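Engineer: Dumping the structure here so I can ask a few things about it.
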Amino acid sequence: MTNQIDELIARGEIGGRTVRILETGDVDCHSYPVAPLPLGHVRVRTVSSAISPGTEMTYIGAGATNPYLHKRWDPDLRVFAAGKSSVEYPIVFGYRAAGEVAESTTRAVPVGTRVYGKWRHTELVALPADVALDQRIPDGLSFDDAVDLAQMAPIGMNAIAYAGEELRGTPTVVFGAGPVGLIVAQLAAASGASAVHVVDRLASRLEIAKTCRLDTLLSADGVDVARELKLRLGAEAVAVVFECSGSTRALHEAIRTVRRRGRVVAVGFYQGEAAGLFLGDEFHHNGVEIRSAQIGNIHPAWSIALLRARVIEIALAGRVALGSLPRVMFPVEKAADAFAAMRKPDTVLQAALAY
């Protein structure tokens with residue numbers, strides 16, 4: 001047990017059955033002690049947590065690619081530098097969770113209150129009472145919906161914020177029909193896009209997109225996606241394109257798809273060197289703008305609270321599917337199997353853990 005883990009236990013951030021990423025790149029489930037609950041806090045028993053299909057998977061396996069594993073982040077200069085890794089093993093991760101208050105030190109948040117949050121894959125977590133109050137699950141939304149309210153859906157809404165007013169009244173394109181792409185696409189439709197076209201290389205994922213009333217295009221071998229979309233929609237029709245797959249080849253195709261002086265909103269987490277990205281082509285000749293919508297880079301006109309509130313409003317109006325997007329559920333003790341399932345994107349869109 002590392003000092004870092006000791007600190008997490010002491011603060012109540014992990015407790016009971018907890019998923020760990022080991023130095024070998026393997027995943028296991030380990031039971032940690034539960035610290036006393038401080039005054040002004042509540043203890044939440046997790047009902048479900050879902051695996052992040054992007055960031056979290058970059059820590060998994062012998063060839064894990066997350067830059068924090070190979071470089072040191074300098075928070076003052078905001079640059080990565082050579083040196084000792086910024087993370088320690090075992091890693092306890094996760095940011096998609098929902099649960100029920102099992103113990104409370106305040107009447108303001110009684111036992112049984114349903115809450116969402118971005119806590120780790122852990123059975124028991126302590127939250128300040130004011131945080132639990134702010135993150136109550138609204139009536140009308142399920143635990144499955146709520147898993148995405150803290151972080152995943154705000155990621156999508158932040159992307160919409162960076163798209164700007166150019167999105168409204170025009171068709172848009174979303175590259176990547178994973179969970180992030182499907183959420184972004186639905187939020188784009190709810191935010192005024194005249195049509196939303198989703199591109200993916202997996203036909204099974206495009207079938208899911210169709211159930212969300214989205215147009216689709218299969219990125220098959222031999223298909224010039226950008227040319228097909230421009231022939232279909234018009235060369236100057238698409239003002240904003242979202243890249244949600246984390247593929248630099250898809251980022252290049254997004255640049256090719258957007259109109260001259262258009263905007264590409266980069267949502268994916270790009271790993272390693274930028275294979276397949278040719279910045280001397282359409283990016284240079286069409287004056288394309290690329291905006292990073294990473295959730296640590298919240299749009300200046302928004303806040304995480306506003307992003308969450310807007311998503312909740314759209315979800316309650318029935319205009320975005322969250323928990324109803326397909327998920328395969330695993331008991332937390334089988335976390336290794338859940339992470340292994342995420343390596344089969346043609347058959348598994350999402351994997352989640354039950355406690």
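The values are calculated or read from the model by the stated rules, or taken from the named source; none is laboratory data. Keep in mind that what you see is a predicted model, and the values were worked out from it rather than measured. Please note: Cβ atoms are built from the backbone with ideal geometry, for glycine as well, and neighbour counts cover all protein chains shown. Ligands, DNA and RNA are stripped out before the accessible areas are found, and what is left, the full protein with its side chains, is counted by its heavy atoms. Shrake-Rupley method; radii C 1.70, N 1.55, O 1.52, S 1.80 Å.
Here's the yes/no breakdown for (1) over 24 Å from Gly16 (Cα atoms); (2) under 18 Å from the mean Cα position of the chain (by Cα):
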| residue | (1), (2) |
| --- | --- |
| Ser52 | no, yes |
| Gly63 | yes, no |
| His70 | yes, no |
| Lys84 | yes, no |
| Tyr95 | no, yes |
| Lys118 | no, yes |
| Asp134 | yes, no |
| Ile137 | no, no |
| Pro154 | yes, yes |
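Engineer: Still on this structure, I have one more. Whether any residue in region 218-232 is without any contact (Cβ under 8 Å) to a residue 60 or more places away in the chain, among the charged types (D, E, K, R) and in a strand (DSSP E or B) is what I want to check.
Structural biologist: For region 218-232, residues without any contact (Cβ under 8 Å) to a residue 60 or more places away in the chain, among the charged types (D, E, K, R) and in a strand (DSSP E or B): absent.
Engineer: A further question on this structure: Report yes if Thr2 is in contact with a Pro (Cβ under 8 Å, 6 or more places away or on another chain), modelled with pLDDT under 95 and farther than 22 Å from Arg114 by Cβ, otherwise no.
Structural biologist: yes
Engineer: Next up: Among all residue pairs at least 6 apart or on different chains, which show Cβ distances below 6 Å where the first residue, located in region 329-355, is of a type in the set (D, E, K, R) and the second is surrounded by 15 or more Cβ atoms within 10 Å (Cβ to Cβ)?
Structural biologist: Sorted first by the residue in region 329-355, then by its partner, the pairs are Glu333/Cys29; Asp337/Phe330; Asp346/Leu202.
Engineer: Can you tell me which residues in region 260-309 are open to solvent by 40 Å² or more (accessible area, probe 1.4 Å), small (Gly, Ala, Ser) and outside any strand (DSSP E or B)?
Structural biologist: Of everything in region 260-309, those that are open to solvent by 40 Å² or more (accessible area, probe 1.4 Å), small (Gly, Ala, Ser) and outside any strand (DSSP E or B) turn out to be Gly272, Ala274, Ala275, Gly280, Gly287, Gly296, Ala301, Ser303, Ala305, Ala309.
Engineer: State the number of residues belonging to region 191-205 that are in contact (Cβ under 8 Å) with a residue 24 or more places away in the chain, surrounded by fewer than 20 Cβ atoms within 10 Å (Cβ to Cβ) and in a helix (DSSP H, G or I).
Structural biologist: Final tally of qualifying residues: 1.
Engineer: Could you grab me the full set of residues in region 235-245 that are more than 13 Å from Val199 (Cα to Cα) and in contact (Cβ under 8 Å) with a residue 40 or more places away in the chain?
Structural biologist: Result: Ala237, Val238, Ala239, Val240.
Engineer: Further question: Give me a count of the residues in region 35-70 that are within 25 Å of Glu273 (Cβ to Cβ) and open to solvent by 90 Å² or more (accessible area, probe 1.4 Å).
Structural biologist: 2
Engineer: What strands (runs of 3 or more DSSP E) lie completely within region 10-93 and have 3 or more residues being in contact with a strand residue (DSSP E or B) (Cβ under 7 Å, 6 or more places away or on another chain)?
Structural biologist: By residue number, 16-21, 27-32, 41-50, 72-74.
Engineer: Within region 194-253, which residues are closer than 20 Å to Gly287 by Cβ and of a type in the set (Gly, Ala, Ser)?
Structural biologist: Within region 194-253, Ala226, Gly234, Ala235, Ala237, Ala239 meet the criteria.
Engineer: I need every pair where a residue in region 156-167 that is on the phi < 0 side of the Ramachandran plot and open to solvent by 10 Å² or more (accessible area, probe 1.4 Å) has its Cβ under 6 Å from the Cβ of a residue that is part of a helix (DSSP H, G or I) and not acidic (Asp, Glu), sequence separation at least 6 or different chains.
Structural biologist: As it stands, the answer is Ile160/Leu187, since those pairs meet every condition given.
Engineer: Got a number for residues in region 321-355 being among the aliphatic types (A, V, I, L, M) and within 15 Å of the chain's Cα centre (by Cα)?
Structural biologist: 7
Engineer: Please state which one of Gly280, Gly296, Gly323, Gly276 is of a type outside the set (Val, Ile, Thr) and on the phi > 0 side of the Ramachandran plot.
Structural biologist: Matching residue, one of Gly280, Gly296, Gly323, Gly276: Gly276.
Engineer: Give the residue that is most open to solvent (accessible area, probe 1.4 Å), with candidates limited to residues of region 94-112 that are part of a loop (DSSP other than H, G, I, E, B) and farther than 21 Å from Leu353 by Cβ.
Structural biologist: Arg107
Engineer: A further question on this structure: So Leu133 passes all but one of these: (1) touching a residue at least 60 places away in the same chain (Cβ under 8 Å); (2) surrounded by fewer than 19 Cβ atoms within 10 Å (Cβ to Cβ); (3) of a type outside the set (Lys, Arg). Which condition number does it fail?
Structural biologist: Of the numbered conditions (1) touching a residue at least 60 places away in the same chain (Cβ under 8 Å); (2) surrounded by fewer than 19 Cβ atoms within 10 Å (Cβ to Cβ); (3) of a type outside the set (Lys, Arg), the odd one out for Leu133 is (1).
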